[in-house]
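The values are calculated or read from the model by the stated rules, or taken from the named source; none is laboratory data. All figures in this text were calculated on a predicted structure; none of them were measured in a lab. A quick note on method: Cβ atoms are made from the backbone with ideal geometry, for glycine too, and the neighbour counts reach across all protein chains shown.
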Amino acid sequence: MLDRMVAGQVPAKHHITFEQPDGSLYWEECLTRQAFDGPYSILYHQNRPHEHMPTKTAHGYAQPRAAADQALAKRHFKTQDMEPLAGPPIDCRLPLIFNKDVIIGTLHPSESDPVYVINSDGDDLYFIFKGSGVLRTPFGELRFKQDDYVMVPRGVAHRFILDPDVEQHWLSVECMGNLGLLKQWRNPVGQLRMDAPYCHRDFERPEFVGPVDDGIRELVVKRGGTFHGFKLRNALTDVVGWDGTVYPWVFPILNFQPRAGLVHLPPDWHGTFGTRGALICSFVPRAVDFHPQSIPCPYPHHSVDVDEFLFYVRGNFTSRKGVGPGSVSMHPRGIAHGPHPGAYQASVGHRETTELAVMLDTVEPLVHTTIAAGIEDPGYMASFLE
């Protein structure tokens, strides 16, 4: 969560009467986390927001199925070679790698969501590798574009409206624990510190446009990996105002403020978001180490507590050969990993890097899916041999 916002009309105090022009009451809806002990937002609806009737739905995306071969190995998956699954975002997400805390996938949506969607299993973080559009929610509308992170909190009704004639390719991270900013970047009152790698101004909040009725009365709710359909009597976006700290946001990855050191800094310095069991890092163009004998290329390392996932966006990946925009690497604990032959020595003397990438370090071991197995580079392990 970021900070408290207020938009539109709200009463002087929560849980009190708030009258509509005709004398009837607006309906207060509380969206709470960690039962009633955590962050929350309160929305004020023109109509009762809790009138749902179950109905069948054909919507929903694939859930992860582990590939048969889970042998310990460094792996490379080429999402740029995937056969796109056409359809709206609610239907075309494809899982690639997962554990009990995160499900990482990609999607190439070709049309806007025809329904509203609520994920009650986890927070959704998207990285827009290619594409643009609008996220519509009861909190307002958020425009997103290439190189943006888009965060949709658990329980927030939403639909993606895609810009026409724009190629879409997104990375998705479904976080089963709460996704948020890292606590080391906040001061005691919750404000982002002046030495944090981003500030509150770097985040884009929903633009509140008042009550909206786009005519959609179908809601799809994901719970326990199953998708449930509901018919609605009223528009979910009939909101006249809201306040709170739970709402969707956009963070352009290039707003991340990188650091450079005398010698190579570990990935923690690129930490951007945290969720249960995972650190999410942003590698952005930056100056590199300034010791006259520094080796900017990442050193070989043996991380005994975490698995590493890396999504390559663009730029010069000094430590890797054979990867390109859209590539995914997975380096498991148990065996050391590091740069490809020649990269270590060749990096000496470099003073900057143009790489752009998204990384996750996970506490629980990562498992790749049957879908990922179909786009795996079979020569990746051998590529590390001299």
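Per-structure values
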item	result
Within segment 301-384, strands (runs of 3 or more DSSP E) holding 1 or more residues that are under 19 Å from the mean Cα position of the chain (by Cα), acidic (Asp, Glu) and under 18 Å from CYS281 (Cα atoms)	307-314, 356-362
Yes/no for PRO258 being in contact with a helix residue (DSSP H, G or I) (Cβ under 8 Å, 6 or more places away or on another chain) and assigned to a loop (DSSP other than H, G, I, E, B)	yes
Filter result for CYS281 (surrounded by 19 or more Cβ atoms within 10 Å (Cβ to Cβ), in contact with a Gly (Cβ under 6 Å, 6 or more places away or on another chain) and not charged (D, E, K, R))	yes
Members of segment 1-50 that are among the polar types (S, T, N, Q) and part of a loop (DSSP other than H, G, I, E, B)	GLN9, THR17, GLN20, SER24, GLN34, GLN46, ASN47
Checking PRO89 against (1) at pLDDT 95 or above; (2) touching a Ser or Thr at 6+ places or on another chain (Cβ under 6 Å); (3) closer than 16 Å to VAL156 by Cα, the condition it does not meet	(2)
Selection count where residues are out of contact with any Gly (no Cβ under 6 Å at 6 or more places or on another chain), part of a loop (DSSP other than H, G, I, E, B) and not small (Gly, Ala, Ser), scope segment 155-182	6
Elements of type strands (runs of 3 or more DSSP E) in segment 202-254, at least 1 residues being surrounded by fewer than 20 Cβ atoms within 10 Å (Cβ to Cβ) and of a type in the set (S, T, N, Q)	226-232
Given (1) touching a Lys or Arg at 6+ places or on another chain (Cβ under 7 Å); (2) surrounded by fewer than 17 Cβ atoms within 10 Å (Cβ to Cβ); (3) of a type in the set (D, E, K, R), number of the condition ASP195 does not satisfy	(1)
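Residue-wise test of (1) in contact with a helix residue (DSSP H, G or I) (Cβ under 6 Å, 6 or more places away or on another chain); (2) without any contact (Cβ under 8 Å) to a residue 24 or more places away in the chain.
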| residue | (1), (2) |
| --- | --- |
| ASP268 | no, yes |
| SER282 | yes, no |
| ASP305 | no, no |
| TYR312 | no, no |
| SER347 | no, no |
| THR354 | no, no |
